[in-house]
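Read the figures in this text as sums done on the coordinates, not as results from a lab. In this text the structure is predicted, and so the values were computed from the model without any measurement. Quick reminder, even Gly has a Cβ in these numbers, built from the backbone with ideal geometry, and neighbours come from all protein chains shown.
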Amino acid sequence: MDANKIAKWFLSKESMSPKKIQKLVYYAYSWYLTLMNDSVEYLNNKLFDEEIKAWVHGPVVISIYQEYRDYKFREVPKQKIDDSDYNEDTLDVLNQVWDVYGQFNANELESITHQEDPWIRARGNLSPLENGYDSIDDRIIFEYYLRQMEEG
């Protein structure tokens, strides 16, 4: 699976801004990583293989940024997909992510990610508006969302 295929699944639900696409793909990646692995020591089950960067406006997958950057703040049109391109586990996670996070707009999702450990820790000592290119660590993602699951 690649990240753009995940983005297209969300775009099959509604048109949305590139920033909202990024945040939904991030949450899909994070929850898939958390739900489909048993231990922080063996994070082999990933939704896709690309790194997620901790940019100023939240988590970003570079290939999705490149695909939709020309839209800037405009909405990317709704798209048609074939659900048979996605396995059952993937669809289950994507539907759960959509049910929880799909109701929020891009700015709300950005605000939520900015309050969570994976993005905060990847940003380190950068100021809020300073560009940073560090990746968000899969182990931190797994541990953070596992705690959310256990607490929630």
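Roughly how many Å is it from the Cα centre of the stretch 1-71 to that of the stretch 90-126, as a whole number? A separation of 10 Å, based on Cα centres.
Taking the number of Cβ atoms within 10 Å of each Cβ as an exposure proxy, the fewest-first ranking of L43, L94, L129 is L129, L43, L94. Take the Cβ atoms of N45 and N107, set R0 to 35 Å, and the FRET efficiency comes out at 0.65. Across the stretch 8-25, rounded Karplus estimates of 3J(HN,Hα) from the backbone phi angles (6.51 cos²θ - 1.76 cosθ + 1.60, θ = phi - 60°) give 5, 4, 5, 5, 6, 7, 6, 6, 7, 6, x, 5, 5, 4, 4, 5, 5, 5 Hz, Gly and Pro being marked x. Simple spin-label estimate for K5 and L129 gives 4.1 nm between the two label positions (7 Å along the Cα-to-Cβ direction from each Cα).
Look at the Cα gyration tensor of the chain: its axes a ≥ b ≥ c give a/c of at least 1.5 with a/b at or below b/c, and that counts as oblate. When only the Cβ of Lys, Arg, Asp and Glu is charged (+1, +1, -1, -1), the dipole of the chain relative to its Cα centre reaches about 760 debye. Taking θ as phi - 60° and the Karplus parameters 6.51, -1.76 and 1.60, the scalar couplings of the stretch 96-103 work out to 5, 4, 4, 4, 8, 9, x, 6 Hz in sequence order, x denoting glycine and proline. The shape of the stretch 1-78 comes out prolate: with a ≥ b ≥ c from the C-alpha gyration tensor, a/c is at least 1.5 and a/b beats b/c.
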